[in-house]
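What follows is calculated from the coordinates using simple rules that are stated; it is not laboratory data. Please read all numbers here as calculations on a predicted model, not as lab measurements.
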Amino acid sequence: MDVYSWILNTDINTISIKTSDKKFHKSKRNGYLEFFGNVQVNFKNQTKMKIICKKLNKPGKIKHIICHKNEKIYFNESDELIFNTSGKLSIKANQKMIFQQINYFMSKIVKKQRLDLPEIEYSSEIHKKFFSAINLNFFGSDLKKRKLKIT
């Protein structure tokens, strides 16, 4: 969410979560949990984003839908496809594996080069909003749980 906020050059206004079963499930990462459903993000510039994660047989079936004015942009993570409703945009992304990304960032850090990533303070504010939305959806209060290991 912070990356989209950075790309769109606008702050996040609200985050809400809707799940069908209101349950956490064991993640592929040992000791972590995940949930399935929709995350709705409303940005201050009127852009809306929905992240949809359904429990399917194949892991990683996550879709991002970004609505801005009359346009919708879709990003299917597992297929690495980015496209829009008008058909003018169609990209097959070649996402780097996480170890490749970490190597890139560590190399920049060692060389004391600019990373050009969102500031940690800004990212933490977004994560606080997201965590509050998780608490509201699953526990009925935005302050119910202080720590959850979620992927």
Amide H within-cut-off set for Thr14, under 5 Å, with H built and near neighbours excluded: Asn42
Backbone HN-Hα couplings from phi across segment 32-38 [Karplus 6.51/-1.76/1.60, Hz, Gly and Pro as x]: 10, 10, 9, 9, 10, x, 10
Nonlocal amide H pairs with Ser27, under 5 Å, H built at 1.01 Å: Tyr32, Leu33, Glu34
